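The values are calculated or read from the model by the stated rules, or taken from the named source; none is laboratory data. The structure presented is a predicted model; accordingly, all values stated were derived computationally and were not measured. Note that we place each Cβ from the backbone using ideal geometry, even for glycine, and neighbour counts take in every protein chain shown.
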Ligand SMILES: *Cc1c(COP(=O)(O)O)cnc(C)c1O
């Protein structure tokens with residue numbers, strides 16, 4: 001093993017240091033494996049229940065009427081999420097789009113959205129119209145209120161109670177911290193928040209942005225009262241094989257409303273060809289529990305590697321995890337660039353290119369990104385990105401296998417060591 005590591009540009013100090021860290025994590029990894037096994041059987045059971053068969057992998061074209069594969073996949077998703085219905089489509093082109101459809105399908109002029117967990121994910125700002133944007137919900141007369149989390153990530157129950165009014169139609173709860181510093185919410189915490197909201201206004205729609213959270217726990221937000229759960233297929237539930245797509249699961253009525261918005265009023269779920277990708281969506285969903293577990297191990301490994309070297313990690317090395325994102329504060333532009341170079345050098349695709357910071361649309365500072373993915377932009381695959389600004393934190397996620405995530409982190413450390421930005425004491 002060591003010889004192969006050496007051939008793949010890792011030096012002995014890095015190998016020895018990382019081997020010790022890996023050895024110390026075995027107990028924790030056992031718990032992750034146990035959740036992965038549970039979720040694997042959950043998915044398998046649903047596929048058996050709905051008699052998934054070879055015919056479901058056939059391509060449809062044109063309108064896509066009677067796409068049995070598509071309809072059955074939606075049954076499988078609904079079953080796994082313990083929801084009434086699901087919309088799982090390549091026509092939902094990303095997580096942001098799935099959230100946009102879930103919102104715009106269920107809101108009408110005069111309605112108000114409430115986020116009781118602070119600012120939503122960056123791309124949602126334009127969708128809702130928090131930052132003015134053409135076609136935003138704000139332009140359609142839908143208003144928005146926000147209640148920030150209290151110190152330590154606690155819910156501001158009094159603030160939430162005060163914010164709910166006769167126009168509050170939908171409450172949006174983002175499970176993952178995204179690129180913020182607040183903690184990610186557990187499914188249990190989400191359940192408590194939903195119960196509180198419903199105690200004040202039972203008819204309000206509770207929607208969860210489930211991005212990066214799928215299969216981390218044994219239950220999903222739809223099992224603790226969420227009316228809708230929304231996510232991206234190029235994150236956890238696509239298992240790395242889905243080439244595109246998003247999902248919306250939840251109450252029949254709300255999923256249907258979303259479908260009428262996605263296609264057309266009156267058409268809804270009846271149309272939408274799948275063009276031959278059904279097989280990948282099924283197989284990806286089948287692999288998703290183990291793929292997610294691998295990514296989770298990688299995130300925990302990264303926190304342990306970097307925290308012991310004196311860098312702040314969110315989540316830290318020991319706390320429980322509710323998503324696959326790892327933030328590491330490296331404290332200098334040189335260090336985040338070196339980290340990203342290591343992740344890129346470890347990729348199966350484009351390992352020979354060097355990532356550089358660039359002025360990305362929608363960001364005020366330059367951003368550096370490392371991704372050598374089979375599916376463009378897929379963040380269940382090993383990837384890292386960092387805005388070039390203090391405190392110089394890098395956000396890292398994914399890895400289709402634990403071994404790849406591990407090697408990627410080792411390479412990131414190797415680059416930091418090579419550039420003398422970190423020293424490992426032997
Ligand atoms: C990734 C993400 C989104 C948006 O998904 P895209 O597929 O990138 O559009 C929304 N919310 C959260 C919390 C995310 O992590």
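Condition test on residue 83, is it within 16 Å of the ligand (Cβ to nearest atom) and crowded, with 18+ Cβ neighbours inside 10 Å?
Details: within 16 Å of the ligand (Cβ to nearest atom): no; crowded, with 18+ Cβ neighbours inside 10 Å: yes.
Here the answer is no, as residue 83 does not meet what is asked.
Which of the residues that make up the stretch 162-191 are assigned to a helix (DSSP H, G or I) and either under 28 Å from residue 40 (Cβ atoms) or within 15 Å of the ligand (Cβ to nearest atom) (or both)? Before the answer, list the steps.
The initial filter retains those residues of the stretch 162-191 that are assigned to a helix (DSSP H, G or I), namely 162-163, 187-191.
The answer is 187, 188, 189, 190, 191.
Taking the options 159, 152, name whichever one is in a helix (DSSP H, G or I), at pLDDT below 95 and surrounded by fewer than 21 Cβ atoms within 10 Å (Cβ to Cβ).
Numbers: 159 fails: at pLDDT below 95.
After ruling out the rest, the residue left standing is 152.
In the list 96, 72, 100, which residue meets the criterion of being surrounded by 18 or more Cβ atoms within 10 Å (Cβ to Cβ), closer than 25 Å to residue 251 by Cα and without any contact (Cβ under 8 Å) to a residue 24 or more places away in the chain?
Working: 96 fails: without any contact (Cβ under 8 Å) to a residue 24 or more places away in the chain; 100 fails: without any contact (Cβ under 8 Å) to a residue 24 or more places away in the chain.
None of the other options fit; the residue is 72.
Could you go through the stretch 272-283 and let me know if any residue there is closer than 20 Å to residue 64 by Cβ, touching a strand residue (DSSP E or B) at 6+ places or on another chain (Cβ under 6 Å) and in contact (Cβ under 8 Å) with a residue 60 or more places away in the chain.
Yes, the conditions are met somewhere in the stretch 272-283.
Given 91, 48, which one is at pLDDT 95 or above, exposed (fewer than 13 other Cβ atoms within 10 Å of the Cβ) and farther than 26 Å from residue 346 by Cβ? Talk me through it step by step, then tell me what you get.
Working: 91 fails: exposed (fewer than 13 other Cβ atoms within 10 Å of the Cβ).
When all the criteria are applied, what remains is 48.
Could you list, in sequence order, the residues of the stretch 222-234 that are within 15 Å of the ligand (Cβ to nearest atom), in contact with a strand residue (DSSP E or B) (Cβ under 8 Å, 6 or more places away or on another chain) and under 20 Å from residue 73 (Cβ atoms)?
Pass one, the stretch 222-234, residues within 15 Å of the ligand (Cβ to nearest atom): 226, 228-234.
Cutting the leftovers down to in contact with a strand residue (DSSP E or B) (Cβ under 8 Å, 6 or more places away or on another chain) gives us 226, 228-233.
Across the stretch 222-234, the qualifying residues are 228, 229, 230, 231, 232, 233.
Do we find that residue 208 is away from the ligand (no atom under 15 Å from the Cβ), in a strand (DSSP E or B) and crowded, with 18+ Cβ neighbours inside 10 Å in this structure? Full working, then the answer.
Details: away from the ligand (no atom under 15 Å from the Cβ): no; in a strand (DSSP E or B): yes; crowded, with 18+ Cβ neighbours inside 10 Å: yes.
Taking the combined requirement at face value, the residue does not satisfy it.
Inspect all residues belonging to the stretch 136-158 and state whether any of them is free of Cβ contacts under 8 Å to residues at least 12 places away in the same chain, within 21 Å of residue 106 (Cβ to Cβ) and within 16 Å of the ligand (Cβ to nearest atom).
yes
For residue 254, work out the one condition from (1) assigned to a helix (DSSP H, G or I); (2) touching a strand residue (DSSP E or B) at 6+ places or on another chain (Cβ under 7 Å); (3) under 17 Å from residue 399 (Cα atoms) it doesn't fulfil.
Of everything listed in (1) assigned to a helix (DSSP H, G or I); (2) touching a strand residue (DSSP E or B) at 6+ places or on another chain (Cβ under 7 Å); (3) under 17 Å from residue 399 (Cα atoms), residue 254 misses just condition (3).
I'd like the residue in the stretch 362-386 that is in contact (Cβ under 8 Å) with a residue 60 or more places away in the chain and on the phi < 0 side of the Ramachandran plot and, out of all such residues, is surrounded by the fewest Cβ atoms within 10 Å (Cβ to Cβ).
Start the filter on the stretch 362-386 by keeping residues that are in contact (Cβ under 8 Å) with a residue 60 or more places away in the chain, which leaves 362, 374-375, 377-382.
Restricting the remaining residues to those that are on the phi < 0 side of the Ramachandran plot gives 374-375, 378-382.
On the way: 374: 13, 375: 20, 378: 23, 379: 25, 380: 31, 381: 26, 382: 30.
Filtering the stretch 362-386 for residues that are in contact (Cβ under 8 Å) with a residue 60 or more places away in the chain and on the phi < 0 side of the Ramachandran plot, the one surrounded by the fewest Cβ atoms within 10 Å (Cβ to Cβ) comes out as 374.
I'd like to check which strands (runs of 3 or more DSSP E) are fully inside the stretch 292-381 and have at least 1 residues that are under 17 Å from residue 32 (Cβ atoms) and within 16 Å of the ligand (Cβ to nearest atom).
Values: elements: 312-314, 326-329, 367-371.
Counting at least 1 such residues, we get 326-329.
So in the stretch 178-199, with the set limited to residues that are out of contact with any strand residue (DSSP E or B) (no Cβ under 8 Å at 6 or more places or on another chain) and without any contact (Cβ under 8 Å) to a residue 40 or more places away in the chain, which one is farthest from residue 77 (Cα to Cα)?
199
Given 117, 171, which one is surrounded by 15 or more Cβ atoms within 10 Å (Cβ to Cβ) and touching a helix residue (DSSP H, G or I) at 6+ places or on another chain (Cβ under 6 Å)? Let's see the steps before the verdict.
On the way: 117 fails: touching a helix residue (DSSP H, G or I) at 6+ places or on another chain (Cβ under 6 Å).
It is 171.
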